[in-house]
Amino acid sequence: MTTQPLKGIRVLDLTNVLAGPFCCHQLAHMGADVIKVETRLSGDLARQLGADPELNRNNMGVSFLAQNPGKRSITLDLKHDDGKAVLRRLVSTADVLVENFRPGVMKRLGLGCDALLEENPKLIYCAISGFGQTGDLRDLPAYDQIIQGMSGIMSITGDSESAPLRVGYPVADTVGGITAAFAIASSLADRNRTEGVFIDVSMLEAAMATMGWVVSNYLVAGREPHPLGNDNMTASPSGAFKTGDGLINIAANKQEHFEKVARILERAEWISDARFADRQARLQNRQELKDLMEQAMNAKTTEQWWELLSAEGVPAGPVYTVPQALSHPQIANRGMLASFEDVPGVGRNIRVVRTGFKLNGAAPSVDAPPPRLGEHTETILAELGYSADEILRFKQQEVV
């Protein structure tokens, strides 16, 4: 039973920062040979980003470490004719190329999809951009927060006082990356494919595709979405509730769940109370029910309420910090975290997250830590058939 369904697939990763690297990060964990093609002197901008200034100076920033384990790095000057020739030779050996330049950049370099299909007629070429390859906004730069704002995500994040609010991690970049990985894997799985594929991933559209419920409430039911804070728009009591020492999330989405909550809180009279007796009544009186629940829940801790609710089958869970989540046995014991010892260029051990699924009970993994800038340049050039003299010439002419 394999845990590397993409073993034997070669992916050229010409991307920077997050959406593209995250896409190729997923493919690497599936067994693909991912070759990261980087600019000569600075490489992926993420090498200079993260909370550790020393790592940023060493071109091994935390942001880079997070998305690039298992990849090999080659540096190329794609403005140099020899650099372009090397990329074309790489393309002839590859199955997939991923880039997240602004639309038109690769074409101006003479390395657009049509040109590269001449080198490899079955190439899967994936372009990730803020707004896609067509449309009035195609040429505008876009980062995660720009997309969060323009997609409507920020408008429904927070509550009536704090919204619009940015989601606390780069959700649009991440969704764009996972969308690209899905499209690539789907194209690779097409057994009848006899030609190349051009995949146009718009981060804006990818983000909005994940907003199905709120978008459909507007498109179908005519209800404009608005920020609800920690409340669930479809049910009550469903959201975050104060306890004696913190917060707990409760998702009492079924009538039976609500009735169990009422009994656990020793407030069985709520079950027949006209304000709370059915779903619609509870939605109309959401705040009143929440206030009464929090008064009762002040008597115990989050952990105590979690145990009581879980014992009765009511969906609930504590609101953790990131360190608390990472240290929980549910994460720590299922292979979610990968460890690399004494990583070159970093000088110490690192831990990073893997994928969010298991294959045949095993966590997909990669063998190598994130690469130093250009670490595999000579090896990859030799694999492509370049001689030692040619590689030396490339170095002297600053092609690599």
For this session: Search segment 45-62 for residues that are in contact (Cβ under 8 Å) with a residue 60 or more places away in the chain and pair each with any residue that is of a type in the set (S, T, N, Q) when their beta-carbon atoms are under 7 Å apart and the residues are at least 6 apart or on different chains.
Result: Arg47/Asn59; Asn59/Gln48
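I'm trying to understand the selection: among the residues of segment 282-303, which are farther than 17 Å from Gly239 by Cβ and without any contact (Cβ under 8 Å) to a residue 24 or more places away in the chain? Talk me through it step by step, then tell me what you get.
So in segment 282-303, the residues farther than 17 Å from Gly239 by Cβ come out as 299-301, 303.
Glu303, the sole residue that qualifies.
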For this session: For segment 268-292, name all the residues that are aliphatic (A, V, I, L, M) and either under 38 Å from the mean Cα position of the chain (by Cα) or surrounded by 13 or more Cβ atoms within 10 Å (Cβ to Cβ) (or both).
Result: Ile271, Ala277, Ala281, Leu283, Leu289, Leu292
Exercise. Given the residues Gln304, Gln295, which is the only one that is at pLDDT 95 or above, surrounded by 15 or more Cβ atoms within 10 Å (Cβ to Cβ), assigned to a helix (DSSP H, G or I) and not acidic (Asp, Glu)?
Worked result: Gln304
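Are any residues in segment 23-56 outside any strand (DSSP E or B), among the hydrophobic types (A, V, I, L, M, F, W, C) and under 21 Å from Leu90 (Cα atoms), and if so, which ones? Break it down into steps so the answer makes sense when it comes.
Initial filter on segment 23-56 (outside any strand (DSSP E or B)): 23-32, 39-56.
In the following step, the residues that additionally are among the hydrophobic types (A, V, I, L, M, F, W, C) were identified as 23-24, 27-28, 30, 32, 41, 45-46, 49, 51, 55.
Hits for segment 23-56 are Cys23, Cys24, Leu27, Ala28, Met30, Ala32, Leu41.
What number of residues within segment 113-132 are crowded, with 18+ Cβ neighbours inside 10 Å and closer than 14 Å to Ile199 by Cβ?
10
Return the residues of segment 209-229 that are among the aliphatic types (A, V, I, L, M) and either assigned to a loop (DSSP other than H, G, I, E, B) or farther than 19 Å from Cys126 by Cβ (or both); say none if nothing qualifies.
Kept after step one, since they are among the aliphatic types (A, V, I, L, M), are these residues of segment 209-229: 209, 211, 214-215, 219-221, 228.
Met211, Val214, Val215, Leu219, Val220, Ala221, Leu228, listed by residue number.
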Problem set entry | Complete set of residues in segment 33-43 that are touching a residue at least 40 places away in the same chain (Cβ under 8 Å) and in contact with a Gly (Cβ under 9 Å, 6 or more places away or on another chain) | Lys36, Glu38, Arg40, Gly43
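Residue-wise test of (1) touching a helix residue (DSSP H, G or I) at 6+ places or on another chain (Cβ under 9 Å); (2) charged (D, E, K, R); (3) over 27 Å from Gly8 (Cα atoms); (4) surrounded by fewer than 16 Cβ atoms within 10 Å (Cβ to Cβ).
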residue: Asn59; (1), (2), (3), (4): yes, no, yes, no
residue: Val62; (1), (2), (3), (4): yes, no, yes, no
residue: Ser73; (1), (2), (3), (4): yes, no, no, no
residue: Lys79; (1), (2), (3), (4): no, yes, yes, yes
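The values are calculated or read from the model by the stated rules, or taken from the named source; none is laboratory data. Please read all numbers here as calculations on a predicted model, not as lab measurements. A quick note on method: Cβ atoms are made from the backbone with ideal geometry, for glycine too, and the neighbour counts reach across all protein chains shown.
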